[in-house]
Amino acid sequence: MSFLKSFPPPGSAEGLRQQQPETEAVLNGKGLGTGTLYIAESRLSWLDGSGLGFSLEYPTISLHAVSRDLNAYPREHLYVMVNAKFGEESKESVAEEEEDDSDDDVEPIAEFRFVPNDKSALEAMFTAMCECQALHPDPEDEDSDDYDGEEYDVEAHEQGQGDIPTFYTYEEGLSHLTAEGQATLERLEGMLSQSVSSQYNMAGVRTEDSIRDYEG
């Protein structure tokens, strides 16, 4: 495929964690051949016997897992989902985006399957990928709801320091109201008491008192 390129394999300088020879690479159901998978801290790379291959950046990898479901694929493998397009599909996706802007919200997805000849190496491959992936956290997954207000220092307040929130009883709260505030409160209480007493004088409404009078 056209996206395969020639490049030197990652070494110790790039934090190579796992090197798995005789590993078949499959992209979206199409076999790319058998080569060596390199799991390094910087990137995930695969190279065939001729030196052609590809690299995947960890921020683009949305999922990786060991697949042992032989119904999904006839051999156990390391499954990797990438938010990108490769090969001929990448050219097609560019053409479609130019013709139709309605698919801008649809993220491209590519499915890789790395099938080692030695399936007992799958656990080590998966563990190495987990360790390398953890070194490249997705910035969108970080908590964006940063608290901009003043931090409440519990330890300082327990030692009698800092501004402790003040709470009042009903009577204490009244004493802190201004004259205008007290007048407003009294007016609201008067309106509330009138509203409560009026429910017994509503025409056509059978309150509990009216029901007792009627039954008596």
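List of remarks:
- Test: residue in segment 87-101 that is at pLDDT below 55 and in a loop (DSSP other than H, G, I, E, B): yes
- Subset of segment 7-47 [within 15 Å of PHE86 (Cβ to Cβ) and in a strand (DSSP E or B)]: ALA25, VAL26, LEU27, LYS30, GLY31, LEU32, GLY33, LEU44, SER45, TRP46
- Search result, residues across segment 42-64 that are open to solvent by 30 Å² or more (accessible area, probe 1.4 Å) and either modelled with pLDDT under 95 or under 18 Å from ASP138 (Cα atoms) (or both): SER42, ARG43, GLY49, SER50, GLU57, PRO59, THR60, SER62, LEU63, HIS64
- Selection within segment 25-48 - within 16 Å of HIS64 (Cα to Cα) and of a type in the set (D, E, K, R): GLU41, ARG43
- Every residue from segment 22-41 that is at negative phi and either in contact (Cβ under 8 Å) with a residue 60 or more places away in the chain or open to solvent by 40 Å² or more (accessible area, probe 1.4 Å) (or both): THR23, GLU24, ALA25, VAL26, LEU27, LYS30, GLY31, THR34, LEU37, ILE39, ALA40, GLU41
The values are calculated or read from the model by the stated rules, or taken from the named source; none is laboratory data. Quick caveat, the model's predicted, so the values are computed rather than measured. Every residue, glycine as well, gets a Cβ built from its backbone with ideal geometry; the counts of neighbours run over all protein chains shown. When the accessible area is computed, the model is the full protein with side chains, heavy atoms only, and any ligands, DNA or RNA have been set aside. Shrake-Rupley method; radii C 1.70, N 1.55, O 1.52, S 1.80 Å.
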